[in-house]
Amino acid sequence: MQYRRARKKFDDEPENHERWLISYADFITLLFAFFVVMYAISAVNIGKYKIFSDALGDAFGGKGAATPINTQVPNLPIPNPALKRRTELLRKEKEQMTKLAQDLLSTMAPLVKEGKVRVTQNSRGVSVEINASVLFDPGEARLMPESVEALRAVASLLKADSHSVQVEGHTDNQPIANPRYPSNWELSAVRASSVVRLFIDAGVAPERLTAVGFSANQPVAGNDTAQGRARNRRVAVTILSGIPDPATELPTVLPAQ
């Protein structure tokens, strides 16, 4: 009798219709873990790997469930070997060019104090700008004897260097009245060549040297005053940087048909 009563009580117990919640909760947990994995591998980032590890611990009841997550970990950039190598080369090149500029400034100090020589440095390289009155007689391209010593001092520094050197001749805008040079183009070019020849004689490798004549096309002062014209008559010796800026190819734009 007692057995029947117990069995009846068991049979009359209502069926549990909420078992699906257990499977649903497991599915949601796995789905959450899946999206955490997708987020974590989207970029190489230490902070994301920590979030991924701790989140998996939370999902599966591991040690990570009790570990607080630090979301303030900074993003660390992926190292680029080529960029790092170029940055290091640029740093060394700048240091070398700065030292060369300081040596040139020290060598030409007396003329710098008189305002007849200027030493500048930029991304293109180091430039020594020498007033033409220091080097040549008016309308002439033959170096004056007193200028040779100063140029040989510059050449001694260039000889120990390896950079390319461009020597530029510049004039004012006054027409030249000299049968030897039909225009300022010839005068500026021959003046630059005279300095190049002296550098070669002083031991600078010829393949490193270039002579260029600009005539009056690159003035650094106005040609409407005597002081400005004197400033424009000059020779610039530019030691070119060995690491030029990278070239960027422009897209070809075809004309509309």
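Quick notes on this structure:
- Within the stretch 100-125, residues that are part of a loop (DSSP other than H, G, I, E, B) have Cβ atoms under 8 Å from residues that are surrounded by fewer than 18 Cβ atoms within 10 Å (Cβ to Cβ) and among the hydrophobic types (A, V, I, L, M, F, W, C) in these pairs: Met108/Ala153; Arg124/Leu240, counting only partners at least 6 apart in sequence or on another chain.
- Answer residue from the stretch 80-101, given it is more than 14 Å from the chain's Cα centre (by Cα) and open to solvent by less than 100 Å² (accessible area, probe 1.4 Å) and is nearest to Leu240 (Cα to Cα) among those: Met97
- Unique match (being within 18 Å of Leu135 (Cβ to Cβ) and either of a type in the set (D, E, K, R) or open to solvent by less than 60 Å² (accessible area, probe 1.4 Å) (or both)) among Arg208, Arg197: Arg197
- Top-ranked residue of the stretch 139-194 - restricted to ones that are among the charged types (D, E, K, R) and over 38 Å from the mean Cα position of the chain (by Cα), ranked as most open to solvent (accessible area, probe 1.4 Å): Arg142
- Residue in the stretch 208-224 that is at pLDDT 95 or above, within 17 Å of Ser156 (Cα to Cα) and within 31 Å of the chain's Cα centre (by Cα) present: yes
- Scanning the stretch 221-234 for residues that are in contact (Cβ under 8 Å) with a residue 24 or more places away in the chain and in a loop (DSSP other than H, G, I, E, B), we see that the one that is least open to solvent (accessible area, probe 1.4 Å) is Asn223.
- Odd one out for Pro175 among (1) assigned to a loop (DSSP other than H, G, I, E, B); (2) within 15 Å of Val235 (Cβ to Cβ): (2)
The values are calculated or read from the model by the stated rules, or taken from the named source; none is laboratory data. Here the structure is a predicted model, which means the values were calculated and not measured. All Cβ positions, glycine included, derive from the backbone under ideal geometry; neighbour counts span all protein chains shown. Accessible surface is based on the protein model in full, side chains and every heavy atom, while ligands, DNA and RNA are left aside. Shrake-Rupley method; radii C 1.70, N 1.55, O 1.52, S 1.80 Å.
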